[in-house]
Amino acid sequence: MKPAEIHPQQQRENPEPQEGSNPMPWFVIVLTALLLGFGVLYIARSAIVNAPALGDGRSSAELLGAAPASAGAAVDGAAIYASRCVACHQAGGTGLPGVFPPLAGSEWVAGKETTLAALVLHGVSGALTVKGSTYNGAMPAFGAQLQDAELAAVLTHVRSQWGNAAAPVTADTVATVRKETAARTEPFKGDAELMPLK
């Protein structure tokens with residue numbers, strides 16, 4: 001067997017690097033241990049339940065979808081709007097062009113409270129005209145998700161924000177509309193069904 005022939009190109013190459021006996025620097029080991037210890041202590045000392053004021057203002061009950069503490073409990077319409085409506089209608093009530101209509105200056109918001117309540121209870125699909133522009137998004141029904149007092153609170157909030165100055169909506173009004181439209185099983189078909197109620 002002949003010894004392996006070494007070509008001139010191979011002789012030019014540097015040898016493969018080896019770690020050798022150089023250990024990881026001590027300061028890197030100490031820093032890693034300190035960071036790990038800090039992380040464990042931070043998690044161990046953190047409270048599981050923080051005050052709502054430290055977050056977006058919602059209580060644990062709201063985040064879990066629990067009902068208000070009692071029938072007479074005050075309901076925060078702004079908090080419900082922030083948790084249920086802001087993603088589509090935006091924080092300033094401006095909506096998203098062509099998809100989600102604005103609530104600011106909307107004739108639907110300032111119009112008949114019974115029509116607005118029915119719209120939110122059962123949702124809308126199809127073309128809806130707001131402030132002269134047509135929107136083709138879909139709004140989900142909130143009748144099964146929110147109680148009458150919660151719906152009244154969010155509707156009152158919307159009717160009093162962003163330049164809107166319509167009368168408040170009561171829980172009794174929402175309850176009446178819910179009862180009158182109880183047979184409805186699908187969203188309103190945009191302008192086709194809502195214009196007569198306007």
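When we screen Ala175, Ala117 for residues that are under 23 Å from Ala74 (Cα atoms) and within 23 Å of the chain's Cα centre (by Cα), the only hit is Ala117. How about region 156-190: which of its residues are within 17 Å of Gly111 (Cα to Cα) and either in contact with a Lys or Arg (Cβ under 9 Å, 6 or more places away or on another chain) or part of a loop (DSSP other than H, G, I, E, B) (or both)? Hits for region 156-190 are Arg159, Ser160, Gln161, Trp162, Gly163, Asn164, Ala165, Ala166, Ala167, Pro168, Val169, Thr170. Criterion first (at pLDDT 80 or above and touching a Phe, Trp or Tyr at 6+ places or on another chain (Cβ under 9 Å)) does Pro102 satisfy it? Yes: the conditions hold for Pro102.
For Thr94, indicate whether it is surrounded by fewer than 18 Cβ atoms within 10 Å (Cβ to Cβ) and over 21 Å from the mean Cα position of the chain (by Cα).
Working: surrounded by fewer than 18 Cβ atoms within 10 Å (Cβ to Cβ): yes; over 21 Å from the mean Cα position of the chain (by Cα): no.
For Thr94, the condition - surrounded by fewer than 18 Cβ atoms within 10 Å (Cβ to Cβ) and over 21 Å from the mean Cα position of the chain (by Cα) - is not met.
Every test in (1) crowded, with 21+ Cβ neighbours inside 10 Å; (2) assigned to a helix (DSSP H, G or I) is passed by Gly143 save one, and that test is (2).
The values are calculated or read from the model by the stated rules, or taken from the named source; none is laboratory data. On a predicted model such as this, the values are computed, not experimentally measured, just so you know. Note that each Cβ is placed from the backbone with ideal geometry, even for glycine, and that neighbours are counted across all protein chains shown.
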